[in-house]
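One structure is given here, and the rest of the page talks about it.
Values quoted throughout were computed directly from the atomic coordinates according to the rules given, and no laboratory measurement underlies them. Just so it is clear, the structure is predicted and the values come from calculations on it, not from any experiment. Positions of Cβ are generated from backbone atoms using ideal geometry, with glycine treated the same way; all protein chains shown enter the neighbour counts.
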Amino acid sequence: MNRITPLLKLRAPLGGQEIELQQHDLESGGMSLLRTRIREHSRFTVFDIDPLTAAAWGEALVKWARAQESA
């Protein structure tokens, strides 16, 4: 059976979207993915990404956020 571990849950202040990050451990193959769940009212967007994609995405988010601090 696959295992899902909650990592972070937050709400975007402007649109009110609920964002959840979870570690999704696959039983077959032992691979772990980062599951991102975004809830907007009754609509859900769910996708799983690998560690390399997560790292690239995270770096882009941090870079953007830091640029906003100096703007």
For this session: Would you mind finding the one in 29, 16 that is of a type outside the set (S, T, N, Q), surrounded by fewer than 10 Cβ atoms within 10 Å (Cβ to Cβ) and assigned to a loop (DSSP other than H, G, I, E, B)?
Result: 29
For this session: Test residue 68 against the criterion of being among the polar types (S, T, N, Q), touching a strand residue (DSSP E or B) at 6+ places or on another chain (Cβ under 9 Å) and at negative phi, and give yes or no.
Result: no
For this session: State whether one or more residues within segment 38-52 are surrounded by fewer than 10 Cβ atoms within 10 Å (Cβ to Cβ), acidic (Asp, Glu) and assigned to a loop (DSSP other than H, G, I, E, B).
Result: no
